There are 2 protein chains.
Amino acid sequence: MKAEILRLLKESNNYISGQQLCDDFHVSRTAVWKVMEQLKKEGYQIEAVRNKGYRLIDSPDVMSQAEIDSLMKTEWAGRHTVYYDETDSTNNRAKDAGEKGAEHGTLFVADRQIAGKGRRGRAWESPAGSSIYMTILLYPRLSPMKAPQLTLLMAIAVAEGIRQVTGLDTGIKWPNDIVRNGKKICGILTEMSTEIDYINHVVIGVGINVNQETFPQDIQNTATSLKLEMGQNVKRSELIAAIMEQFEKCYETFLQTEDLSGVKEQYNSLLVNKDQDVKVLEPGNEYEAHALGINETGELLVRLPDGQEKVIYAGEVSVRGVYGYV
Amino acid sequence: MKAEILRLLKESNNYISGQQLCDDFHVSRTAVWKVMEQLKKEGYQIEAVRNKGYRLIDSPDVMSQAEIDSLMKTEWAGRHTVYYDETDSTNNRAKDAGEKGAEHGTLFVADRQIAGKGRRGRAWESPAGSSIYMTILLYPRLSPMKAPQLTLLMAIAVAEGIRQVTGLDTGIKWPNDIVRNGKKICGILTEMSTEIDYINHVVIGVGINVNQETFPQDIQNTATSLKLEMGQNVKRSELIAAIMEQFEKCYETFLQTEDLSGVKEQYNSLLVNKDQDVKVLEPGNEYEAHALGINETGELLVRLPDGQEKVIYAGEVSVRGVYGYV
């Protein structure tokens, strides 16, 4: 009921009568009043006027089950959310739930991770109160070979979600980092459980630097946050809901062709490497090339100095700007 | 100590003195006697002769931690074993252990599975007392794209292990069923947890029909057991140890080139499809071809009626004999 009342308050520009809420939810005046008191305690500014009702004046950067649920506009992506003030890692929560057959699209969100994971088992710093750590659980009926493409869908969704909520333009560093002015705002970690030719489940984890003002010394030159880029706080729950909305849209487009042809233009328009000189770092081999953009299956097309075109596979090689990281 | 004493009894053709065992393990005569009594209860026939010592006359088909451990001759594959009288599925046990970072090569064995798994989440009938259900946990530092090849290594190991212990010749139906006279003796289910370009862990599950005398009606025409083929019981623990020995050898060979070139000939010599006409069942397409054997990466090479050669990927297509399943 709390999430539903919150949703009604947010969607209404006017007062909502207490009696109306009582009727809608079949509860007493006191029950409605108690919900309003709880919301106020969490930081929501709610005005109560006799004979008019309740009105939401302002929402803080609240991360809670009710806040996220009240904002979610999707059919399935994040429609069911599991929120933790603290957990080991949202990817771990999602993988466990995937083993147990939890609903497709379930989203696991944490305010803090005590064992946050980056790629290849590396740690991902996950302090409380300023970041988004979230992981969506999917059961795509695809060949495991196509699963890497889902990561690129999430990259689009994050960049578009950030733009939708904040107006800020960010870019994608191929394949799936979100950057601004050459500094990283978001990392994406996709993991999956598969048989040889069958996906049991995929989890796509997203870590976004939202309201941080400082970073640990070892990453302070390579990381940034939305707040540092914009000079103001961003409401994390709104951003989560917007990203889920964008992701659902991208995913539905993807399913029509089971490749990226429907979102390729969108991805390439966000791609910071596009039309840039890059260094391709193959294991034991390093060469310069000109990046042209991704193809339908998410590989990066580059033009070599001799004019030949070549396809670069994510994971097999790294790409960086000729003069430092893009 | 029990597994070690059992190993000594098995390795010795002569009597082992009780005093010697006391000295070796720093325990009392009574402690040694108790171990012998336990072993007798489990079905081992042990002779005790005054002034000579103990001698193992016969071992039954015992499945237990001590029995398996006493037989294992490997460096790492199955060197650490976890035995269950009953569990949900050994693949699940191995995956859980993989998430927690259990040792490379740990082998999970069950006498009975209550939620045995076949491919694509299908059930795998797993009654007690007659089958082998086992899963090995691996952390190969390979591209996930190479992981399917590990399944073929296990297929070789099972066929060679069966031959080593029983003398029975079985064949491999590409890619990884073990068959005899067109009927299935063993299925292999490989699952893995990966990032896009990194394997967290791989589990290879093996289900072998050993001493069954009957099968459920729906599979009685397509399944067989070692006992049905040979007319006598097979000791499961010995077979487990032999398969691990073979697997370790195959895996070490594989690692030298990170492909199947070192075991390709061995695989093809076991392949029942080799030099046979097969039906290739692509989704939405079906055609006849002549199977030539696998290549270095485990794909099946076939010759089409027009003489062209083609590579068939496991999982993407099925292959069967022109006149029914091979």
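Express the C-alpha Rg of region B:94-154 as a ratio against the empirical globular expectation 2.2 N^0.38 Å, rounded to two decimals.
Cα Rg divided by the expected 2.2 N^0.38 Å: 1.26.
Please order B:Arg320, A:Arg180 by the number of other Cβ within 10 Å, starting at the fewest.
Sorted ascending by nearby Cβ count, the order is B:Arg320, A:Arg180.
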Which ³J(HN,Hα) values, rounded to whole Hz and listed in residue order, are derived for region A:75-82 from phi using the Karplus coefficients 6.51, -1.76 and 1.60 in 6.51 cos²θ - 1.76 cosθ + 1.60 with θ = phi - 60°, glycine and proline given as x?
7, 9, 6, x, 4, 10, 10, 10
If you build the convex hull over the alpha carbons only and average its shadow over all orientations, what do you get for region B:277-321? Give it in nm² to one decimal.
2.9
Enclosed volume per residue, in Å³, of the convex hull spanned by Cα atoms of region B:159-214:
113
So for the protein assembly as shown, what percent of the C-alpha to C-alpha distances run longer than 50 Å?
27
From the label point of A:Glu258, set 7 Å from Cα along Cα→Cβ, how far away are the matching label points in the other copies, in nm, ordered shortest to longest?
2.9
Put the label 7 Å from Cα along Cα→Cβ for A:Arg141; what are its distances to the other copies, in nanometres, shortest first?
4.0
Computed about the Cα centre, the charge dipole of region A:65-270 from +1 Lys/Arg and -1 Asp/Glu charges at the Cβ has a magnitude in debye, to the nearest 20, of 440
Compare the Cα positions of B:Gln212, A:Leu255, B:Met192 along the charge dipole of the protein assembly as shown (+1 at Cβ of Lys, Arg; -1 at Cβ of Asp, Glu; about the Cα centre) and return the one farthest towards the positive end.
B:Gln212
Check the axis relating chain B to chain A and name the residue of B whose C-beta is nearest, distance in whole Å.
B:Ser193, 3
Return the distance in nm (one decimal) between the two label points of a simple spin-label model at A:Arg122 and A:Ser28, each offset 7 Å from Cα along Cα→Cβ.
5.7
Peptide A:183-195, shielding by other chains (average Cβ, 10 Å cutoff):
4
Computed helical MRE - 222 nm, chain A, DSSP H runs ≥ 4 contributing -39500 (n - 2.57), nearest 500:
-9500 deg cm²/dmol
Could you work out how far helix B:2-11 tilts from the main Cα principal axis of chain B, as a 0 to 90 degree angle to the nearest 10?
80
For region B:65-270, I need the span (max minus min coordinate) of the C-alpha atoms along each principal axis, in Å, sorted largest to smallest.
45, 36, 35
In the neighborhood of B:Val210, defined by Cβ-to-Cβ distances under 15 Å, what is the net charge if each Lys or Arg adds +1 and each Asp or Glu adds -1?
+1
On average, how many beta carbons from a partner chain sit within 10 Å of the beta carbon of a residue in B:90-100?
1
Between A:His26, A:His290, A:His104, which gets the highest mean-square fluctuation from a Gaussian network model of chain A, Cα cutoff 10 Å?
A:His26
Order of B:Ile57, A:Ile208 - criterion: other Cβ atoms within 10 Å of each residue's Cβ, fewest first
B:Ile57, A:Ile208
How many angstrom lie between the C-alpha centres of region B:56-74 and region A:95-131?
43
A:Glu4 versus A:Arg303, label points 7 Å from Cα toward the beta carbon: distance in nm?
5.9
For A:Gly231, place a label point 7 Å from Cα along the Cα-to-Cβ direction in every copy; what are the distances to the other copies, in nm, shortest first?
9.3
Relative contact order as a percentage, region A:1-150, C-alpha pairs under 8 Å and 6+ apart, gives 17
With charges only on Cβ, +1 for K and R and -1 for D and E, what is the dipole size of region A:2-58 about its Cα centre, in debye, rounded to 20?
160
Which one of A:Ser269, A:Gly105, A:Tyr84 has its Cα pushed farthest toward the positive end of the charge dipole of region A:65-270, where Lys and Arg give +1 and Asp and Glu give -1 at the Cβ?
A:Ser269
What is the magnitude of the charge dipole of region B:277-321 about its Cα centre, with +1 placed on the Cβ of each Lys and Arg, -1 on the Cβ of each Asp and Glu, and no other charges, expressed in debye to the nearest 20?
100
Partner chain Cβ atoms within 10 Å, averaged over the residues of B:196-207 - can you pull that number for me?
3
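Every number here is computed from the coordinates shown, using simple stated rules; none is lab data. It should be emphasised that the depicted structure is a prediction, and the values quoted were computed from it without experimental measurement. Because the Cβ atoms are built from the backbone with ideal geometry, glycine has one as well, and the counts that use them run over all protein chains shown.
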